[in-house]
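Okay, structure first, notes after.
The values are calculated or read from the model by the stated rules, or taken from the named source; none is laboratory data. These numbers come from a predicted model, not from an experiment. Cβ sites come from the backbone with ideal geometry, for glycine too, and all protein chains shown count toward neighbours.
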Amino acid sequence: MAFERRPLPGLAAVAVLLVLFGSVSRARADEEVAALDGAIGRYWDGLFSEAVEALEPLADSLEGEEEILAREYLARALVRLGEEDRGRAAFKALLRIRPDWRPDAKVVAGPEMSAFEAALEQYENENLGALSVRSEPTRATVFLDGEIHKEPTPVTIERVPAGEHRVRIERDGYAARDTVVTIAPAEIAALDLALVPIEEARAPAPFWKKRWVQLAAGGVFGAGLLLALSGGGGDGGGEEPLGDLPGFPEPPHR
């Protein structure tokens, strides 16, 4: 018996809605890009107040390169309006999204570049910490993320970017120490490390701490306990000699 294949109820409606939603989203994105072009045009026409009014909502709604462009021109327009504090804040907001962004020196100059440099300094200071390293013994060499530091321990390294960092300390005659430290913005992370002499670090463990010695001792103790249990007790009629144990020589005859 053949079954007729029928479309699922509502599937066509869902597909239509998805197509319509995608079309609306693309249309809105195209409108925002066109609005961004118009706002940038106002900036170049010297209409900085109108540019700011148009760019502020676009900076929050756009994504990707368009968002970066909107925030750049928003900051520049604010500086041109004489609102340098807001301009620096807009540049800092841009740096939080893309820390490695830098303005084109051929295009951005004068007060706009000064505002960006001030914002960059503020941003970096807000995202920097410090690392204090102490060691026993002192005067050990410090490596931070593979780079040697010029001063030995005890030392405090300033202006270290926030986040995780690899730290290594070395001193002649001692085994090196490696660790990872997390530095928080505007805080000092502290490390206090003890170094072990190379001779002590390489010294073999005492024989009684070796695994095979501990196992052998346990076996001997267990065997002795079994012998004691098997040889004790009885009815008072005298001891019965134990049979030969495998692997042991025959006892001498009395």
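Quick notes on this structure:
- L144 assigned by TED's automatic domain parsing to the domain that holds W101 and of a type outside the set (D, E): no
- Residue list for segment 63-101, filter: surrounded by 14 or more Cβ atoms within 10 Å (Cβ to Cβ), among the small types (G, A, S) and farther than 15 Å from E126 by Cβ: A70, A75, A77, G87, A90
- Residue in segment 102-151 that is surrounded by the most Cβ atoms within 10 Å (Cβ to Cβ), counting only those that are assigned to a strand (DSSP E or B) and without any contact (Cβ under 8 Å) to a residue 40 or more places away in the chain: V142
- Pick from segment 40-57, criterion under 20 Å from F116 (Cα atoms) and hydrophobic (A, V, I, L, M, F, W, C), ranking: surrounded by the most Cβ atoms within 10 Å (Cβ to Cβ): L55
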